[in-house]
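Here the structure comes first, spelled out in structure tokens, and everything after it is commentary.
Rule-based calculations on the coordinates, nothing more; no lab input. For clarity, every value in this text was computed on a predicted model and none was experimentally measured. FYI the Cβ positions are ideal-geometry reconstructions off the backbone, even for glycines, and counts take in every protein chain you see.
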Amino acid sequence: MVEENKHHGELVLTVPEDLEVQVQEHEITVKGGKGQLTKSFKEDFIDYETGKGRLRIIAHSKRHPLRKQKAIMGAIAGHIKNMYKGVTEGYTYRMKAVYSHFPMKISQQGNEIIIGNFLGEKYPRKAKILEGVTVKIDKQDLTLEGIDKDLVAQTAANIEQSTKIKKLDPRVFQDGIYIIEKDGRKP
């Protein structure tokens with residue numbers, strides 16, 4: 001899927017047949033069965049070319065690219081592969097609410113998750129759901145789905161961080177909402 005041409009400082013990604021990739025300066029758009037994703041990459045020393053079922057990531061320097069430039073090119077290639085997977089399969093995170101002291105009440109209001117009665121607190125805690133992410137709540141289990149890996153992961157992190165316990169012994173108070181599965185893998 002990724003070929004590296006060491007002589008010219010370029011990476012070549014194969015574009016799956018069922019996807020369409022468009023490049024405008026430093027902005028890459030990938031269209032697939034589940035939708036469309038667009039990401040902008042600010043690195044000005046890198047150019048992108050599409051054609052013949054391939055996407056080329058090319059460094060400007062005429063000599064071999066520096067080690068840091070190669071690392072950045074690899075990171076961009078990883079982001080683009082995540083975009084490929086997102087528009088074809090999507091991403092799913094599963095979370096579980098765990099409590100031993102007070103039963104939590106989890107609900108959704110608009111683009112927020114409301115966590116009531118967390119550790120017996122009077123006011124509910126809230127976590128933001130980012131745009132493009134759908135959340136399904138089944139009692140104490142939450143399922144987050146979307147096509148953008150970054151947004152799904154950030155929403156899961158928002159929920160997990162909203163139940164972070166401060167000023168109490170974490171060995172005793174292990175209540176919270178935790179990620180139990182990241183896209184089919186256990187963390």
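Multiplying each eigenvalue of the alpha-carbon gyration tensor of region 91-182 by 5 and taking the square root yields semi-axes of 22, 13, 11 Å, largest first, rounded to whole angstroms. Ordering Leu11, Leu142 by the number of other Cβ atoms within 10 Å of each residue's own Cβ, fewest first, gives Leu11, Leu142. A Cβ-based charge dipole, computed about the Cα centre of the chain with Lys and Arg at +1 and Asp and Glu at -1, lands at about 740 debye.
Taking the chain as a Gaussian network of alpha-carbon nodes connected by springs under 10 Å, the highest mean-square fluctuation of the residues Gly120, Gly32, Gly176 belongs to Gly120. Going toward the positive end of the dipole of region 91-182, with +1 on Lys and Arg Cβ and -1 on Asp and Glu Cβ, which of Ala156, Pro170, Ser107 do you reach last? Going by the Cα projections, it comes out as Pro170. How large is log10 I(q)/I(0) at q = 0.10, 0.14, 0.18, 0.24 Å⁻¹ when the Debye formula is applied to the Cα atoms of region 2-88, each weighted equally and without solvent? For the requested q values the scattering log ratios are -0.23, -0.44, -0.72, -1.23. Label positions at Thr88 and Leu119, each projected 7 Å from the Cα along the C-beta direction, are separated by 4.4 nm.
Run the numbers for Glu160 and Lys186: contour at 0.36 nm per residue of separation, minus the present Cα-Cα distance, in nm.
On the way: separation 26, 0.36 × 26 = 9.36 nm, distance 1.57 nm.
Stretched out fully, the Glu160 to Lys186 stretch lengthens by 7.8 nm.
Result for the chain in a Gaussian network model with C-alpha springs under 10 Å: among Glu121, Glu112, Glu27, the largest mean-square fluctuation is at Glu121.
Given the rule -39500 (n - 2.57) for each run of at least 4 DSSP H residues, summed and divided by the residues of the chain, what is its mean residue ellipticity at 222 nm, to the nearest 500 deg cm²/dmol? If you can, show how the numbers build up before the last one.
Numbers: 2 runs with 36 residues, N = 187.
-6500 deg cm²/dmol, from helical runs alone.
Extension gain, Lys68 to Arg54, is 2.7 nm, computed as 0.36 nm per intervening residue step minus the present C-alpha separation. Summarising the amide proton neighbourhood of Arg54: residues at separation of 5 or more, or on other chains, whose placed amide H is nearer than 5 Å comprise Val15. Give the Kirkwood hydrodynamic radius (Å, one decimal) of the chain, defined as one over the mean of 1/r across all pairs of different Cα atoms. Computed over Cα pairs of the chain, the Kirkwood hydrodynamic radius comes out at 18.9 Å. Annotation: the residues Asp169, Asp141, sorted from fewest to most other C-beta atoms within 10 Å of their own C-beta, follow the order Asp169, Asp141.
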